[in-house]
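This report refers to the structure that appears directly beneath it.
Coordinate-derived values only; no laboratory data. What you see is a predicted model; the values in this text were computed from it and never measured. Heads up, the Cβs are rebuilt from the backbone with ideal geometry, glycines too, and the neighbour counts pull from every protein chain shown.
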Amino acid sequence: MSGVGDRAVEVWRGMTRVDLRHFDLRTSLLGAGLVVTPLVVGFLLGLAQPAVLVTIGALNLLLLAEPFPEKTAAKVVATGVLTNASAFAAGTAIATLPVLYELPLVGAGVFVALALARGVEWENAGLIAAVMLAFAVGVPPTTAPGLFLRPAAVLLGGIWALSALFALSVLGSSLSLVRVGSHRAPTAAPSASGAAVTVHAGVVAATATLGLLLGHELGLPRDYWIVLTVLVALRLDLAATLSFSSRRIVGTIVGAAAAFFVTTLTSDPWILLPVLVATTTLVFASRGVNYVVNAIGITLTVIVLLNLVYSGGPSLALARVIDTVIGGSLALVVSFGLSQWLAHRPRLASDPD
């Protein structure tokens, strides 16, 4: 029992741990402004749905500026413009296929995105590319032109964000988001060997595919959130998976409750847009500071953003909680089995490439 108690204490400490060295409100406000600007322009032009995708492209691109060393941030972020759009295009195409083909292709896409992301500076790039693929599969196009227009909108968002970062760099602004990436987040692990990366990618891909299958069988409306939770939570180490899963679930529940309240009160986009500025600011401000708060911000942002153009209303909040619990539980079960297997393969994580 003492081991269980010690692990519970460690999980609690992880949830409540705060590192204010990464807190930068001015930079976070700038990031939120860059993300929401395409959305405001889109609503003014009557192009709400494409604007949401541009916003998603910009948000994920800007998140690549963290938490990497400054010397590699520009390279990673620039590459992310293409990898994010390509992953979204692949997911959009996969979404048009029958489930029999969709499931293995999602697994293959997740594996490729994670397996190719070698080295600490590329880990987050691979993760976000996998997230973009899963998101595109979960929100399929409603028309044939969407196969091309949706990825183009994501690409435009990435170009917009990259251009803004470049302009800030040229101007020498102290608000440059790339500057935030000069320190790694305290939870980041050392770079693993090629064998460990491949095994992790394979396990995550298989678990994500299983989660998507469960979502289909249960008839869940936003089953891709199961995949997103698996992507974020599943680690080679059981303790790390428990820590990430618990924080992700708690943050999602709190964020979904807040989103349910907000979206119940109003569906007016001109009220929800300022809310998005606040939630996106929270996403940037909490990166590397506290993961629970970051999960709250991400959940609020995604649900409010989707409510601007997709049907579902407050029910999206409940769907996200259910999917997150399923994904987190899957991650824990698989991680436990994996940890037992790795116990008999101690050289895997330390073997040279």
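With 35 Å as the cut-off, how large is the P(r) tail for the range 13-342, expressed as percent of Cα-Cα pairs? Cα-Cα pairs of the range 13-342 separated by over 35 Å account for 12 percent. Over the range 199-350, the alpha carbon radius of gyration divided by the compact-protein estimate 2.2 N^0.38 Å works out to 1.12.
Among residues other than His216 with Cβ under 15 Å from its Cβ, the summed charge is -3 (Lys and Arg +1, Asp and Glu -1).
Between Leu47 and Trp12, what is the label-point separation in nm under the 7 Å Cα-to-beta-carbon projection? Distance between label points: 5.2 nm.
The reciprocal of the average 1/r between distinct C-alpha atoms defines the Kirkwood hydrodynamic radius, which for the range 85-179 equals 14.6 Å.
One decimal place: the segment Ala195-Thr79 gains 39.4 nm when fully extended, by the rule 0.36 nm per residue minus the C-alpha distance. For the range 13-342, the Cβ-based charge dipole about the Cα centre amounts to some 540 debye (Lys, Arg positive; Asp, Glu negative; other atoms uncharged). Other residues with beta-carbon under 15 Å from the beta-carbon of Val227 carry, at +1 per Lys or Arg and -1 per Asp or Glu, a net charge of -1. Exposure proxy ranking for His216, His200, based on other Cβ atoms within 10 angstrom of each Cβ and starting from the fewest, stands as His216, His200. Kindly list the residues of the range 103-126 that lie in the label zone of Tyr310, defined by a backbone N under 20 Å from the point 7 Å along the Cα-to-C-beta vector. Answer for this model: 103-107, 109-110. Candidates Gly146, Leu214, Phe284 compared by Cα position along the dipole of the range 13-342: farthest toward the positive end lies Phe284, with charges placed on Cβ.
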